[in-house]
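Engineer: Next up is a structure, given as structure tokens.
The values are calculated or read from the model by the stated rules, or taken from the named source; none is laboratory data. Note that the structure is a prediction, hence the values are computed from the model and not measured. Cβ coordinates were reconstructed from backbone atoms using ideal geometry, including for glycine residues, and neighbour counts include every protein chain displayed. Ligands, DNA and RNA are excluded from the accessible area calculation, which covers all protein heavy atoms including side chains. Shrake-Rupley method; radii C 1.70, N 1.55, O 1.52, S 1.80 Å.
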Amino acid sequence: MNDRRPTLADVAHAAGVSTSTASVVFSGKVNVAEGTREKVLAAASELGYAGPDPRAASLRRGRSGIVAVVLGGHLRHAFLDPVTTAMMDGLTDALTEASAGLLLLRDDPDGEGAHPVTEAPVDAVVLIGCSARTREALEIVRGRGLPVVVIEGDAGRGPRITLDNREATAEVARHVLQLGHERVALVTLALDAERRRGLVTPEQIAAATVDVTVDRLAGAREVYPGAPAISAAGSLIDEGMIAGRELLSDPENRPTAVIAQSDLLAVGVIRAAEELGLRVPEDVSVAGFDGIAVDGLGDYRLTTAVQPAVRKGRAAGEQIVRMLDGEPGETVHLTCRFRPGSTTAAPHA
């Protein structure tokens, strides 16, 4: 019994064409006569040939055809955030040109042993944020000559995709100030890998490792220097509810406005307010950041800073394609757009 797997050469011989012609039929990159194409595919079907092994092509090119994407925290939480999903859409769109697939890796700052990105068989790396552990691992990655692009984080050197987090948050805060609010509180994203909840202290800010959180906090405090801030464990509606209950439960110390660092957190604050019998925006104004479509807002239109999430991912992918083609990568700076909504108004007299 002959168990040898059929090869492309076998298909070419059976179809009466050259091996190079058969190869063109399967690659789809060059048009061939329809009759020739049908003969090759018929021979392949008869022989049970499924097509060239992509691993062999990878070996010839010296590439795996895979780009690693390193995400902070648990992947299940990352994909509950529509901003991450939109970024990934943009990234995959841009990488289509390079025919690259994605390998998702978790950035676990407390992980032991080698960081998975140092051993992954990939052609390039995209970081969404960057922990200290990943930053150290990047020296090994760059030593292999792999392109690295970081989205909103500090990877030490190389191209970055940045966003005007500080300026955009300051614009939201100025809107709240112009409405007449003086007692304002802030709800932040996680400050570091510990993802602790609670009142943000100067010591925590000094030791913070999440650039996005620090920049958005600085923007709000440009306008409200003394505004108290509570950190959430992540960009989740439930986290916003926890923070909102803490901020709004005491009538004596209740702020008239809350500025949250994400739309999901803002929705959680609104739900906490409604639980307490408060009206938005009559009793408390709430603003967010992201400009995403959020379920559960009802008739509300959230006041927020709209960020170009898809464009962020696409920009990272475009730089990866450039670098894989041998061109130098470039840092790309993107900006947000302020969008007033129905969740903010002048404080109730």
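Engineer: Taking region 193-238 as the search range and keeping residues that are modelled with pLDDT under 95 and in a strand (DSSP E or B), which one is most open to solvent (accessible area, probe 1.4 Å)?
Structural biologist: L199
Engineer: Right, next: Given the condition under 20 Å from L247 (Cβ atoms) and part of a loop (DSSP other than H, G, I, E, B), answer yes or no: does some residue in region 300-322 qualify?
Structural biologist: Yes, region 300-322 contains at least one residue that is under 20 Å from L247 (Cβ atoms) and part of a loop (DSSP other than H, G, I, E, B).
Engineer: Could you please give the count of residues in region 140-174 that are of a type in the set (D, E), more than 20 Å from the chain's Cα centre (by Cα) and either under 21 Å from G65 (Cβ atoms) or modelled with pLDDT under 75 (or both)?
Structural biologist: 0
Engineer: Kindly evaluate V294 against the criterion of being open to solvent by 20 Å² or more (accessible area, probe 1.4 Å), under 19 Å from T84 (Cα atoms) and outside any helix (DSSP H, G or I). Lay out the reasoning, then the answer.
Structural biologist: Working: open to solvent by 20 Å² or more (accessible area, probe 1.4 Å): yes; under 19 Å from T84 (Cα atoms): yes; outside any helix (DSSP H, G or I): yes.
So V294 fits the description; yes.
Engineer: So A273 passes all but one of these: (1) over 26 Å from P308 (Cα atoms); (2) in contact with a Ser or Thr (Cβ under 9 Å, 6 or more places away or on another chain); (3) of a type outside the set (S, T, Y); (4) open to solvent by less than 30 Å² (accessible area, probe 1.4 Å). Which condition number does it fail?
Structural biologist: (2)
Engineer: Every residue in region 138-176 that is free of Cβ contacts under 8 Å to residues at least 40 places away in the same chain, hydrophobic (A, V, I, L, M, F, W, C) and part of a helix (DSSP H, G or I), please.
Structural biologist: Within region 138-176, L138, I140, V141 qualify.
Engineer: Can you name the residue in region 323-342 that is in a strand (DSSP E or B) and among the aliphatic types (A, V, I, L, M) and, of all such residues, is nearest to E171 (Cα to Cα)? Working first, answer last.
Structural biologist: Initial filter on region 323-342 (in a strand (DSSP E or B)): 332-334, 337-339.
Keeping just the survivors that are among the aliphatic types (A, V, I, L, M) gives 332, 334.
Numbers: V332: 21, L334: 15 Å.
Ranking the candidates gives L334 first.
Engineer: Provide a single number: the residues in region 232-252 that are among the β-branched types (V, I, T) and closer than 19 Å to L191 by Cβ. Don't jump to the end; show me each part of the working.
Structural biologist: Within region 232-252, the first condition is being among the β-branched types (V, I, T), and the residues that meet it are 237, 242.
Checking which are closer than 19 Å to L191 by Cβ leaves us with 242.
Result for region 232-252: 1.
Engineer: Write out, first by first residue and then by second, each pair whose Cβ atoms fall under 7 Å of each other, whose residues are 6+ apart or on separate chains, and whose first residue, in region 199-228, is more than 21 Å from A257 (Cβ to Cβ) while the second is small (G, A, S) and in a helix (DSSP H, G or I).
Structural biologist: As it stands, the answer is T209/A132, since those pairs meet every condition given.
Engineer: Kindly evaluate A316 against the criterion of being surrounded by fewer than 17 Cβ atoms within 10 Å (Cβ to Cβ) and hydrophobic (A, V, I, L, M, F, W, C).
Structural biologist: Values: surrounded by fewer than 17 Cβ atoms within 10 Å (Cβ to Cβ): no; hydrophobic (A, V, I, L, M, F, W, C): yes.
Taking the combined requirement at face value, the residue does not satisfy it.
Engineer: Scan region 162-177 residue by residue and report those that are of a type in the set (G, A, S) and within 24 Å of V149 (Cα to Cα). Reasoning before the result, please.
Structural biologist: First, pick out the residues of region 162-177 that are of a type in the set (G, A, S): 168, 170, 173.
Passing the criteria: only A168.
Engineer: Given V40, V83, V70, V32, which one is surrounded by 11 or more Cβ atoms within 10 Å (Cβ to Cβ), at pLDDT 80 or above and outside any helix (DSSP H, G or I)? Don't jump to the end; show me each part of the working.
Structural biologist: On the way: V40 fails: outside any helix (DSSP H, G or I); V83 fails: outside any helix (DSSP H, G or I); V32 fails: at pLDDT 80 or above.
Answer to the selection: V70.
Engineer: How many residues does region 106-125 contain that are at pLDDT 75 or above and surrounded by fewer than 20 Cβ atoms within 10 Å (Cβ to Cβ)? Quick ask: steps written out before the conclusion?
Structural biologist: Pass one, region 106-125, residues at pLDDT 75 or above: 106, 117, 120-125.
Next, from what is left, pick out any that are surrounded by fewer than 20 Cβ atoms within 10 Å (Cβ to Cβ): 106, 120-121.
Count: 3.
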